[in-house]
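Here the structure is laid out as structure tokens; the discussion comes afterwards.
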Amino acid sequence: MAATVVYTDGACSGNPGPGGWAWAVPGGAWARGHDPDTTNQRMELMAVLRATEMLDGPLDVVTDSTYVANCFRDGWWKGWEARGWRNSAKQPVANQDLWEPLIAAHKEGRFGVPRWVKGHSGDEMNDLVDRLAVASALGRDEARGEVPPTPDALGPADVPWGRSEAAAARLADMDPAQARAERRRRDGRIPEGALCVVGGQRDLPEDPVVLRELRRRLAEMVEAQAQMHPGLVVLTGLRAGAEALAGEAAVDAGVDWVAVLPWPDPEHHMRRADRDRFLALRATAPREVVLEKKVPATTADRGKALGRRDAWLASVADLALVVWDGDDAHARTFSTRLERRLGDDVTMVWTA
């Protein structure tokens, strides 16, 4: 029996926040649904899972999620099962409640390794499921059909959340490079050059040998990007984990870099060891950008400010390197935000 091609996608406003999932068969059936409090990655998983539940026979899944595709391509799930659903850092695997039935369906032969397609790249079916997922995220509803959806079922065109309608309309008429250039023109804090955002996982392996090897590989990747992109500038927040490692790797590679701080003197809310490392790196930074003048008063406010910093980094980046073990929640969110803007220009640096 030939496999049914099905495109899947997920969307989330806020991450976490209200989200939507969708699947669609070219020229045929489709469905979309809503979750009031979820994440983008959960919606990506839910889209594939719902397709396996609602469609018969073997499936040929097409997704723009590297989180979904790489799990099956690289066999992450085999390590998770062998370790009793613990990741390489010995932490519980995120979204296990969705991964388990999805992996079971994969083992049963319901679908093979999903095919990855770059999001927002002009693929008609990928754009369709994106619009359907966004419709459920914004409309907080669900729908399905047996024939291609009508325009009403698609909901509003996908625009960047959090922008005014006028600004979104202006940027929607530009290609990604033009849109980033326009943001740079309006924001005088953005450095010149090819901007490479480096960040990701906060809790890296503690073994010093493993850390040295990871730093070496990251420095090599930064140097390789500098060869491909003359005038490369690394942007990093210098916080614990991948961000601090990014500053060290930029120094090792001899590449220009900028410390991007969410507010003045953020070290006051860090652990002592993290604070000492941050201050040492900050002192060596060729330049720094401070995004907000006001120091947030509460833990919740600091989290929001860091989220705004990540959004700013994604909006100005030309490319990105994300350090990740495949499970860390912060790195997953960071990667998703960047992939939606940069697609193939996001490179994963795996820690495991």
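Every read-out reported here was derived from the displayed coordinates using simple, explicitly stated rules and does not represent laboratory data. Given the structure is predicted, the values throughout are model-derived calculations rather than measurements. Because the Cβ atoms are built from the backbone with ideal geometry, glycine has one as well, and the counts that use them run over all protein chains shown.
Worth pointing out:
- Taking packing as the residue-averaged number of other Cβ atoms within 10 angstrom, the listed peptides 40-49, 80-89, 335-344 run from highest to lowest as 40-49, 335-344, 80-89.
- Volume per residue for region 189-350 equals 105 cubic angstrom (convex hull of Cα atoms).
- Beyond 35 Å, the tail of the calculated P(r) for the chain holds 25 percent of the Cα pairs.
- Modelled FRET efficiency - R0 35 Å, ALA224 with ARG83, Cβ distances, 0.05 increments: 0.65
- Kirkwood Rh in Å, taken over region 213-307 so that all alpha-carbon pairs contribute: 13.9 Å
- In terms of overall dimensions, region 4-158 has a Cα radius of gyration and Dmax of 15.0, 47 angstrom.
- Highest-first arrangement of 328-334, 114-120, where packing means the average Cβ count within 10 Å: 328-334, 114-120
- Extension gain, ARG212 to LEU279: 0.36 nm times the residue separation minus the Cα-Cα distance gives 22.1 nm.
- Surrounding net charge for ASP274, when Lys and Arg each add one and Asp and Glu each subtract one, Cβ distance under 9 Å: +3
- Note on LYS293: lysines with a C-alpha under 23 Å away, same-chain residues under 8 apart excluded, are LYS304.
- Cβ-Cβ FRET estimate between GLU192 and VAL113, R0 fixed at 56 Å, reported to 0.05: 0.85
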